[in-house]
Each structure stands twice: as C-alpha cells, then as structure tokens.
Amino acid sequence: MHRIARTRSWFRADPERAGRTGSWLVLLLALLPAVLLPGCASVGLEAFDDPGIELLAIEPVAARGMEARFLVRLRIVNPNPIALDIDGLAYEVFLRDSKVFSGASNQAVRVEPYSEGEAAVEVAAGMLSSLGLLRDLISNPPDAGIPYRLNAKISRKGLGGSLRVNHEGTLDPGSAR
C-alpha cells in the first residue's frame with residue numbers, strides 16, 4: 001500500500017510545474033497554425049501553371065452616345081489539376097501596338113481542371129487610339145490579319161492573389177461577327 005501512495009503522488013501535478021507546462025502548451029498551440037498553414041496553402045501549387053488567355057473575337061454592340069462599344073470574347077485555358085475560380089479580370093487589348101480597349105469585369109468564371117472556359121466582356125473603344133488605328137489600317141491594310149497583344153490580370157477566388165497573363169496572336173477580320 002505504501003508503494004501505491006508513492007505512485008499516486010508522483011502523478012499529482014506540481015502547481016509550479018503545471019504552470020510552466022501549460023504556458024508551453026499554449027505557446028505550441030498558438031504557433032502550430034502559423035507553421036502548418038503555409039505548408040497546406042502550397043500543397044499542389046508548386047506545379048501550378050499560369051492559365052492561357054486568348055482573344056476569340058471583337059464584336060460590335062449598340063453604341064451609347066458617342067462611345068463605340070464592343071463585346072470582347074476571351075478563351076481561358078486552365079492547364080492545372082485544380083479548378084480555376086476567377087472572380088475578376090482586368091485587361092488591355094492592343095491592335096498593331098495601339099491600345100484600343102481596356103477595362104475590368106467582375107464576371108465570375110469557373111474553368112474546370114484541364115479545360116477551357118469563355119468570358120465575354122463589354123468594353124468601350126478609346127476614341128483617340130481607335131482613330132490612330134483606323135488611319136494605320138487604311139494606310140497599311142493587313143495581308144493576313146491584325147496582330148494583337150492581350151495583357152490580363154486574373155483575380156482568383158479561393159486561392160487568393162492574382163495572375164498576370166499575356167498573349168500575342170493575329171485577329172482575322174473576316175472571322176469577326
């Protein structure tokens with residue numbers, strides 16, 4: 001019976017020792033999320049490739065006042081194993097190195113893994129740059145198409161942050177609606 005009493009007293013908490021152990025436990029629990037969350041956030045993202053973005057078409061829509069309006073259709077390609085949830089786009093379209101369109105859209109687009117999605121955004125053409133481009137097209141008509149450059153900022157929902165994507169190509173005026 002004497003041995004049992006000694007064993008029980010060994011398991012009793014020492015108030016001074018319990019205070020130090022509790023402090024360390026609280027500190028450890030407080031730091032644990034800070035250590036684990038960055039690791040969780042990057043799981044599977046080290047091989048994340050930027051999405052592709054292409055200009056599909058520029059279609060005229062009804063004008064508002066003296067402002068020419070167009071519908072710019074964009075193809076977004078997701079080359080990743082996770083869905084790309086886009087909650088906003090900011091973009092600039094250059095035709096023959098003249099900035100013709102720029103704008104932003106809060107249109108939500110979800111592009112499934114390893115697939116494509118489409119976004120259609122209405123924009124206004126800048127009057128001065130459009131006149132300069134029109135003058136350039138009249139004096140130097142395109143042979144095969146109009147070279148374009150698209151700069152886009154894609155805001156991602158869920159993953160956070162944004163991506164900057166650029167694409168260059170040729171727009172065939174015959175394919176415009």
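The values are calculated or read from the model by the stated rules, or taken from the named source; none is laboratory data. Just so we're clear, the structure is a prediction, and the values are computed from it rather than from any experiment. For the accessible areas, the whole protein counts, side chains as well, though only heavy atoms, and no ligand, DNA or RNA atoms are used. Shrake-Rupley method; radii C 1.70, N 1.55, O 1.52, S 1.80 Å.
Below is a table of values for the structure above.
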item: Tyr114, Tyr148, ranked by accessible area, largest first (probe 1.4 Å); result: Tyr114, Tyr148
item: Spatial separation of Cα centroids for the range 53-75 and the range 78-153, in angstrom; result: 9 Å
item: Carbon/sulfur fraction of accessible area - the range 102-155, other protein chains in place, 1.4 Å, %; result: 54 percent
item: Probe 1.4 Å, protein heavy atoms only - accessible area per residue of the range 42-158 in square angstrom; result: 53 Å²
